[in-house]
Amino acid sequence: MRIIPFIVTVVVTIGLIITLSMPIGSIPPLGRFLSPQTGFWQNAEPVNAHPDLNLHLPQLKDKVQVYVDDRMVPHVFAQNDEDLYLVQGYLHAKFRLWQMEFQTHAAAGRLSEILGAGPDNAYLNYDRNMRRVGMKLGAHRSLDTMESDPQTKTMLDAYTAGVNAYIDNLPANELPLEYRLLNYVPEHWNNFKTALFLKYMSYDLTGSENDFEYTNVRNILSREDFEMLYPLQQDSLDPIVPKGTAFTAAKAPPQTPVSADSLYFKWNTFAGITTPSAIDKPDKDNGSNNWAVDGTKTKNGRPILCNDPHLGLNLPSLWFEMQLHTPQYNVYGVTFPGSPAVIIGFNDSCSWGVTNAGRDVKDYFAINFKDGSKQEYELNGGWAQSDIIIDTFKVKGRLPFYDTVAYTIFGPVQYDRSFTGNSRSSAFTNCAVRWKAHDGSNELKTFYLLNRMKNKDEYKAAIGFFNCPGQNFVFASKSGDIAIWQQGKFPVKWRRQGDFIMPGTDTSYLWHGSIKSEDNPHVGDTANPARGFVSSANQAATDTTYPYYIGGNYPIYRGIIINRYLSQMTGITIDDMKKMQTDNFNVFAETALPLLLTNIDESLLSAEESKYYDILRGWNLRYDAIEKAPAIFQLWWENLEKEVWADDLDVARKPVIMPEDATLVKCLSLSNFRFLDNITTPNVETVQDVVTAAFKKTIPVVAKSDAQSTLNWGKYKDGGIRHLLRLAPLSRFHLETGGGENIINATKQFHGPSWRMIVELTDKTDAWGIYPGGQSGNPGSKFYDDLIDDWVAGKYKRLWVMDEKEAKDSRVLFTINFN
């Protein structure tokens, strides 16, 4: 009767095979995932096994040599541009394929294809937002522009061919881990994906846009109060272009519509608008520092350029280091996996870096549809035809979702009754979005030319192609020149245009023209500035004498401390720049803390409260990881903001933007500042009352953290670098970093300096840099996160600009020979 156990065994085996070959919920098919031949085990990378590779790519015109150094940085030596960018695409795919595709899926509104709809439809709503904001619209238009230029068309075609050459030869056992975890495989790359990625950067860096928040606040404040709490500029601003600089007079500004005053002076004009309960927006601190000093301020008489872009910190890292070399040029720096060229770096003649301009180039318009079909909308006294697009969303694990979106002369209707920007149901007026990134542009051309530039004139010509997002391009050359230019295609606006939701019934509220590039704020056009340096830190570019309205909402404190240091420094060295770039002094605390200490009522403090008060009195104003005072100060200030603003700016739980820190500092010194009084209590509170109350509310949290040994700033902030999928085993947590908001070292919990670079323009360039991650996108590689500990410690790596004669150098880990 052995036949019965045999049958049972066969049935169980077949059942097991079927089970292991099918996904279970979000779990991938375990058979493939656990397979010794093709499963996740294959992602474990031997530490010292890096044999030389010989690869045949029939698309190449000539041989290409790649020397991969001991930090896994490829040094690519090609004979022509096409081969160079083809190999760059291949290498990006080899080291970062999943990241490249995941980010372009995010840009295209396709995350729900691979992740499912998500909890409360979070991923699906993210996808809907990306399409409704016009990501694909802008990417298609920009691709048309890029492909109409022979140089960028060649770049894109070659890069795409390189990515696909890798994908076409990718064996199953080398499939990146994330594909296995999510149970899907890579698509072929195309030029549109690169356009999407570049547009995704525009989305992340577009800058200030607070139309909904300002509209909510405006509806409850007088004009006088609004101007006081949300001034166009802070008095303490130290702008990019020094105060007192004379500007060329602007041409006649656009004529303000007769009804425009009603947007601002008649505060009930849009009182009926109900805005979304939450808005999906990029991090407000997406910014950067950059500066350049000329030879009059350096020890060796040569310029030094520094840059550290502040972005979300993820694994795999946003950046990928490379050297790109042809007989015509030689460039080193960081690249975007997903795009050709070097984005921030230096060549044999010049160096460049970027910070975010923060200009408002995204405005919203209230659309009045004729009926529920949305086929027609009110415009200029009549009815205009809208274009109705039905978007299809493939959703993993369920049927497709169809989203109907109306397109108007103002742009796509991003928010309506069916979509409020989050998962809650909040009906409100239909709002169309006009975003500068909707327009066709060729930012890739800027980087193509910057990689090759030899002087300041070529730098200016290169950045002229850059339209969106607005950036501050800093420049330095071996000939001794330094400069900075805020570049973008910025709309000409009247005062406060686009600060609030505007009427979508009148085309006079549309943008009418752009500021010419030569009129954009800049320093060092014809000669180096007398003060010997240029800098930017996302502050407003100019004072109010600039003839154009720049709008926006700009931080000021990093700019103040950077300009203070650079003004004081002489005989500057690379080590001085390293120290400055990682500096943790908080100039905002320098301004605000004395005001708090002066206005607290010490007689009301308990013994425990006095203990923490004394820590603040003895504080050195540095946000170093070991200090306890930063956490106390931070909590005190946050509680003070709630004490002052919460009751007055409560707009039925609608989103608002709180006044800037500098505004509150200034207002606390005013007599009869009415917002100090809590309107929900019978008493009339004074500045001493609110400062003391805020401190008392701070101490229970502080004491608890202190008892748990987590009050030191590094532990309290609890920094980390998260995997793009937010998977804890693939992330790095509990990093004890200093720095924070308003500090040169702008490291927040999961956000901060994504690439630190210092370039000394000596005859043989001396450059240093580091980013918080590693060159490999494979979590099984030691090069996945090997730079993080040094980044946390404020250390740098010397950037090796290799000469091909150094092919036998001990720093070369392995070579890849392409033919």
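Assorted remarks:
- Selection count where residues are farther than 21 Å from PHE733 by Cβ, surrounded by fewer than 17 Cβ atoms within 10 Å (Cβ to Cβ) and in contact (Cβ under 8 Å) with a residue 12 or more places away in the chain, scope region 702-723: 1
- TRP755 being touching a residue at least 60 places away in the same chain (Cβ under 8 Å) and open to solvent by 10 Å² or more (accessible area, probe 1.4 Å): no
- Qualifying residue in region 343-366 (condition: open to solvent by 10 Å² or more (accessible area, probe 1.4 Å) and among the aromatic types (Phe, Trp, Tyr)): no
- Any helices (runs of 4 or more DSSP H) falling wholly within region 620-728 and containing at least 3 residues that are among the polar types (S, T, N, Q): 687-707
- Selection status of PRO779, open to solvent by 10 Å² or more (accessible area, probe 1.4 Å) and in contact with a helix residue (DSSP H, G or I) (Cβ under 8 Å, 6 or more places away or on another chain): yes
- Pairing each residue of region 227-248 that is over 17 Å from ASN210 (Cβ atoms) and without any contact (Cβ under 8 Å) to a residue 24 or more places away in the chain with any residue that is open to solvent by 50 Å² or more (accessible area, probe 1.4 Å) and outside any loop (DSSP other than H, G, I, E, B), provided the two are 6+ apart or on different chains, yields no C-beta distance under 6 Å.
Here's the yes/no breakdown for (1) closer than 30 Å to PHE533 by Cα; (2) under 24 Å from the mean Cα position of the chain (by Cα); (3) open to solvent by 20 Å² or more (accessible area, probe 1.4 Å); (4) of a type in the set (Ser, Thr, Tyr):
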{"position": "LEU177", "(1), (2), (3), (4)": "no, no, yes, no"}
{"position": "VAL185", "(1), (2), (3), (4)": "no, no, yes, no"}
{"position": "PHE212", "(1), (2), (3), (4)": "no, yes, no, no"}
{"position": "SER222", "(1), (2), (3), (4)": "no, no, yes, yes"}
{"position": "SER236", "(1), (2), (3), (4)": "yes, no, yes, yes"}
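- Of residues in region 462-478 being within 21 Å of SER202 (Cα to Cα) and out of contact with any Gly (no Cβ under 7 Å at 6 or more places or on another chain), the one most open to solvent (accessible area, probe 1.4 Å): PHE465
- Residues in region 435-454 that are under 14 Å from PHE346 (Cβ atoms) and polar (S, T, N, Q): ASN451 only.
- Hits in region 63-86 (condition: in contact with a helix residue (DSSP H, G or I) (Cβ under 6 Å, 6 or more places away or on another chain) and either hydrophobic (A, V, I, L, M, F, W, C) or open to solvent by 20 Å² or more (accessible area, probe 1.4 Å) (or both)): VAL64, VAL76, PHE77, ALA78, GLU82, LEU86
- Within region 423-458, the set of residues being open to solvent by 10 Å² or more (accessible area, probe 1.4 Å) and modelled with pLDDT under 95 comprises SER423, ARG424, SER425, SER426, ALA427, PHE428, THR429, ASN430.
- Filter pass, ASP601 being farther than 22 Å from ASP283 by Cα and open to solvent by 30 Å² or more (accessible area, probe 1.4 Å): yes
- Test: residue in region 555-573 that is assigned to a loop (DSSP other than H, G, I, E, B), in contact with a Ser or Thr (Cβ under 9 Å, 6 or more places away or on another chain), open to solvent by less than 20 Å² (accessible area, probe 1.4 Å) and more than 29 Å from GLU685 (Cα to Cα): yes
- Whichever residue in region 787-817 is of a type in the set (Phe, Trp, Tyr) and not in a loop (DSSP other than H, G, I, E, B) and, among such residues, is surrounded by the most Cβ atoms within 10 Å (Cβ to Cβ): TRP791
- Of the strands (runs of 3 or more DSSP E) lying entirely inside region 345-422, those containing at least 1 residues that are polar (S, T, N, Q) span 350-356, 382-385, 387-395, 398-407, 413-415.
- Selection from region 664-702 of residues that are farther than 15 Å from LEU596 by Cβ and within 35 Å of the chain's Cα centre (by Cα): PHE675, PRO700, VAL701
- Selection from region 733-747 of residues that are assigned to a loop (DSSP other than H, G, I, E, B) and either of a type in the set (A, V, I, L, M) or touching a His at 6+ places or on another chain (Cβ under 6 Å) (or both): ILE743, ILE744, ALA746
The values are calculated or read from the model by the stated rules, or taken from the named source; none is laboratory data. No experiment lies behind these values; they were computed from the predicted model shown. FYI the Cβ positions are ideal-geometry reconstructions off the backbone, even for glycines, and counts take in every protein chain you see. Accessible surface is based on the protein model in full, side chains and every heavy atom, while ligands, DNA and RNA are left aside. Shrake-Rupley method; radii C 1.70, N 1.55, O 1.52, S 1.80 Å.
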